Amino acid sequence: MQGTLEQTHSGQRTHPGALEGYDLIGDVHGCGATLGALLERLGYHQRGGVYRHPRRKVIFLGDLIDRGPRIRLAVTIARRMVEAGEAHIVMGNHEANALAYCHRAPVGMGRDWMREHTPRHNRIIKETLEQYRDHPQEWEEALAWFMDIPLFLELDGLRVVHACWDPALIDDLRQEHPDGRIDEDFLAASVVPGTREFRILDRLTRGTHVPLPEGVAIHSGDGFTRRSFRAHFWAHHPRTWGDVVFQPDNLPGDLERRALTEEERARLSYYGPEQPPLFIGHYWCEGIPALPAGNIACLDYSAVKFGRLVAYRWSGEARLDANHFVWIRVPREEETRPQPWEIDFD
């Protein structure tokens with residue numbers, strides 16, 4: 001692994017010198033104790049309150065917050081690593097949601113907050129706000145840090161985005177935000193459907209959703225009712241819904257055989273096998289980690305649903321290898337006693 005990997009298009013920098021590769025870590029969702037255990041398994045050790053490895057660095061795929069029991073710990077571990085140059089990170093939809101939820105809407109938008117405080121939105125962020133309730137300054141600092149997280153990373157030999165790498169939208173974003181970092185004006189515009197900013201943030205952090213027929217819904221195991229399904233972006237000539245569905249919930253009835261309309265096909269992104277290795281999270285896969293394509297790895301394996309917190313140890317290979325996955329099963333209850341990696345937490 002050559003030192004050229006140290007240069008990134010997002011402006012995030014690491015220490016110069018020999019680097020064996022990156023350990024990419026999927027959606028943590030507040031499983032902070034499990035994150036510490038996974039880092040230890042990967043050979044990272046805490047020095048000066050920061051997890052470090054002599055020859056490798058971490059890339060977090062976003063969604064550090066919401067739902068899990070140790071959200072503050074998860075954010076602190078990742079933030080300290082990034083700020084010390086030991087890790088990179090891309091923004092997940094949950095960080096984007098938190099920013100919009102906690103920022104007042106501009107005058108004339110017709111609402112109090114950029115992301116309205118509906119029962120559904122309140123429920124999603126409930127655990128995060130409760131765990132930061134007695135630490136308001138820490139939460140404000142976390143929000144300021146979230147705003148500094150880029151939407152994508154492109155390093156020498158690999159690409160990283162939370163949900164979907166859409167080349168046209170990423171090129172569009174680069175025109176005004178070459179490092180992939182958005183500002184408050186972009187955030188405000190991104191909550192208005194139909195805007196350029198909405199299309200970019202929605203596609204990169206949430207992927208493509210295909211609406212279900214009227215009257216049809218998916219009742220997920222997490223208690224949410226969904227009226228669309230998540231579609232992937234590596235099928236070259238998809239013909240049916242079953243060719244692109246990418247989520248653990250099955251489509252109701254025989255909808256997998258339903259033909260994609262021309263409009264639905266036109267909305268899909270495409271990432272071909274000739275492209276550099278790409279790492280994504282977001283899609284809450286289940287079971288033993290596997291590669292959906294030879295150059296794509298999804299690292300979200302439903303950690304907060306007592307699944308697996310998953311990493312991929314990338315060392316420069318153009319074709320990915322499922323043997324490079326490393327994971328820890330998330331226990332039904334993360335330990336409540338102080339952990340070794342929490343010594344310097346406060």
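When ranked by the protection proxy of mean other Cβ atoms within 10 Å per residue, highest first, what sequence do the peptides 293-301, 255-263 form? Before the final figure, lay out the partial values.
Details: 293-301: 22.8, 255-263: 13.0.
Going by the mean number of other Cβ atoms within 10 Å, highest first, we get 293-301, 255-263.
How large is the charge dipole for segment 21-336, taken about the Cα centre, if only the Cβ atoms of Lys, Arg (+1) and Asp, Glu (-1) carry charge, to the nearest 20 debye?
On the way: 39 positive and 46 negative charges, 129 e Å.
That gives a dipole near 620 debye.
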For the pair Ala217 and Ala322, the simple spin-label estimate (label points 7 Å beyond Cα toward Cβ) gives in nm 3.5 nm
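Shape verdict for segment 197-293, please, from the Cα gyration tensor: rounded (a/c under 1.5), prolate (a/b greater than b/c) or oblate. Intermediate values should be presented prior to the final figure.
On the way: a/c = 1.41, a/b = 1.23, b/c = 1.14.
Judged from the Cα gyration tensor, segment 197-293 comes out rounded (a/c under 1.5).
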If you find the alpha carbon centre of segment 195-250 and of segment 64-125, how far apart are they in angstrom?
22 Å
Residue among Val161, Val244, Val58 farthest towards the positive dipole end of the chain, charges placed on Cβ:
Val244
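Counting only C-alpha contacts under 8 Å and six or more residues apart, can you give the relative contact order of the chain as a whole percent? Spell out each step's value before the answer.
On the way: 686 pairs, mean separation 68.9, N = 346.
In percent, rounded to a whole number, it is 20.
Looking at the chain, send over the antiparallel percent of its DSSP beta bridges, to the nearest 5.
Numbers: 29 of 42 bridges.
Here the share of antiparallel DSSP bridges comes out near 70 percent.
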Subtracting the Cα-Cα distance from 0.36 nm times the residue separation, let me have the gained length for Thr225 to Ala290 in nm, one decimal.
20.7 nm
Calculate, in nm to one decimal, what Asp172 and Arg239 gain on full extension: separation in residues at 0.36 nm each, minus their alpha carbon distance.
21.3 nm
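With a Förster radius of 35 Å, plug the Cβ-Cβ distance of Arg41 and Asp134 into 1/(1 + (r/R0)^6) and report the FRET value to the nearest 0.05. Walk me through the numbers before you get to the answer.
On the way: r = 31 Å, r/R0 = 0.90.
The calculated FRET efficiency here is 0.65.
Quick check: net charge around Asp63, other residues with Cβ under 12 Å of its Cβ, Lys/Arg +1 and Asp/Glu -1?
On the way: positive: Arg67, Arg206; negative: Asp27, Asp66, Glu95, Asp300.
Net charge around Asp63: -2.
Does segment 59-196 come out rounded, prolate or oblate by the C-alpha gyration tensor, with a ≥ b ≥ c the root eigenvalues, rounded set by a/c under 1.5 and, if not, prolate when a/b is larger than b/c and oblate if not? Provide the component values of the computation, followed by the final result.
Numbers: a/c = 1.89, a/b = 1.09, b/c = 1.73.
It comes out oblate by the Cα gyration axes.
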Using 7 Å Cα-to-Cβ label points, what is the Ala105/Asp185 separation (nm, one decimal)?
2.1 nm
So the label point goes 7 Å from the Cα of Thr195 along Cα→C-beta, right? Which residues of segment 99-137 then have their backbone N under 14 Å from it?
100-101, 103-116
With a ≥ b ≥ c the root eigenvalues of the C-alpha gyration tensor of the chain, is it rounded (a/c under 1.5), prolate (a/b larger than b/c) or oblate?
rounded
Need one number: nm distance between label points at His117 and Ala266, each 7 Å from Cα along Cα→Cβ, rounded to one decimal.
4.1 nm
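None of the figures in this text is laboratory data; all of them are computed from the coordinates on show. If you're wondering where the values come from, they're calculated on a predicted model, not measured in any experiment. FYI the Cβ positions are ideal-geometry reconstructions off the backbone, even for glycines, and counts take in every protein chain you see.
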